[in-house]
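S.K.: Let me give you the structure first, and then I'll get to my questions.
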Amino acid sequence: MDSKAILSHADLLQLKRWNTPTIYNGWEQITQRDLCADAFNLEPTHDFMPQMGPMVGYAITVVIEPSNPAHRQVNANAWSEYREFVASISGPTIVIVQDLDKPRTIGAFWGEVNSNIHRALGCVGTITDGAIRDVDEMTNAGFKALARRLCVGHAAVHPVRWNVEVEVFGRRVNPCDLIHADKHGFMVIPPAEQAGLLEAARFMDANECQTVIAAARNISGLSTKEILANINAAGKKFGEAAHAQFHRDGEW
């Protein structure tokens, strides 16, 4: 992992204070990518620990195929080698798991044991397009999961390959990508866009609160005509502030 791309732990904690849509609002001001198609999951996912709030960390990637026991014969030491790799990456990290059995997910990479092990190695959670089990025990370990579904067993789960590009929920993820995830879905931020993300999210959140949200909430004693006029004026201020800061137009 390129240390130049890593934000400070304090910055990551501040990013964790906002939900993922707020991070998107900041990202759209600094990116040159397609706002309608890039950076976020394109398929539905499910947050099984919404009470834990957002999670933020750097991607560790792994590919599995629980339906195929032959992987165990190809590399009997895969688990120990994979764990050594996980331990070598500074946290906080989020494990991104591509399940080759999708959509017929029959075995879980994640349960009570693996969650506790990964938590000890600096991981705060996972996004897997496969299944998880032991959801209460995972929660108790402080390990958050966005997944496709729950299941009962682990089948022949085995790390097939890791530290490679993967695809989960229609989104490609590479090692070193910054992940921000919550009950709404997840964002994948490559190294080139990480440095300005916190400032942009902080600015756009304050911009909303100081303009359009304030106008929409401060309506006591006003007529409908006055309320609409204030909202329209606030919307103009919102866009002007975003344009002045980022030289792009803000949406409200």
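S.K.: So in the range 200-215, with the set limited to residues that are over 23 Å from the mean Cα position of the chain (by Cα) and among the aliphatic types (A, V, I, L, M), which one is nearest to LYS144 (Cα to Cα)?
M.R.: Out of the qualifying residues, it is ILE213.
S.K.: Considering only the range 176-199, state which residues are crowded, with 22+ Cβ neighbours inside 10 Å and over 14 Å from the mean Cα position of the chain (by Cα).
M.R.: none
S.K.: Residues GLY26, GLY53: which one is assigned by TED's automatic domain parsing to the domain that holds ALA141, among the small types (Gly, Ala, Ser) and within 20 Å of PHE143 (Cα to Cα)?
M.R.: GLY53
S.K.: Scan the range 102-135 for residues that are in a loop (DSSP other than H, G, I, E, B) and either more than 19 Å from the chain's Cα centre (by Cα) or aliphatic (A, V, I, L, M) (or both) and jot them down.
M.R.: Passing the criteria: LYS102, PRO103, ARG104, THR105, ILE106, GLY107, GLY111, LEU121, ARG133, ASP134.
S.K.: Scan the range 221-251 residue by residue and report those that are small (Gly, Ala, Ser), surrounded by fewer than 13 Cβ atoms within 10 Å (Cβ to Cβ) and part of a helix (DSSP H, G or I).
M.R.: Listed by number, the list holds a single entry, ALA244.
S.K.: With the requirement that a residue be in a helix (DSSP H, G or I), surrounded by fewer than 15 Cβ atoms within 10 Å (Cβ to Cβ) and more than 28 Å from the chain's Cα centre (by Cα), what does the range 64-81 give you?
M.R.: ALA70, ARG72, GLN73, VAL74
S.K.: Report the residue count in the range 11-34 for those that are of a type in the set (Phe, Trp, Tyr) and either assigned to a loop (DSSP other than H, G, I, E, B) or under 9 Å from VAL56 (Cβ atoms) (or both).
M.R.: Residues meeting the conditions: 1.
S.K.: Okay, next question. Give me the pairs, please: first residue somewhere in the range 25-51 and touching a residue at least 12 places away in the same chain (Cβ under 8 Å), second residue anywhere and among the hydroxyl-bearing types (Ser, Thr, Tyr), beta-carbon distance under 6 Å, and either six or more positions apart or on two chains.
M.R.: MET49/THR139
S.K.: Filter the range 154-175 down to the residues that are in a loop (DSSP other than H, G, I, E, B), surrounded by fewer than 20 Cβ atoms within 10 Å (Cβ to Cβ) and either outside the structural domain of VAL74 (by TED's automatic domain parsing) or within 14 Å of the chain's Cα centre (by Cα) (or both) and list them by number.
M.R.: Matches in the range 154-175: GLY170, ASN174, PRO175.
S.K.: Restrict the check to the range 210-223 and report whether at least one residue is without any contact (Cβ under 8 Å) to a residue 12 or more places away in the chain, of a type in the set (Gly, Ala, Ser) and at negative phi.
M.R.: The answer is yes, given that some residue of the range 210-223 is without any contact (Cβ under 8 Å) to a residue 12 or more places away in the chain, of a type in the set (Gly, Ala, Ser) and at negative phi.
S.K.: Out of (1) modelled with pLDDT under 95; (2) more than 30 Å from LEU178 (Cβ to Cβ), what's the single condition that is false for ASN218?
M.R.: (1)
The values are calculated or read from the model by the stated rules, or taken from the named source; none is laboratory data. On a predicted model such as this, the values are computed, not experimentally measured, just so you know. Glycine also receives a Cβ, built like all others from the backbone with ideal geometry; neighbour counts cover every protein chain displayed.
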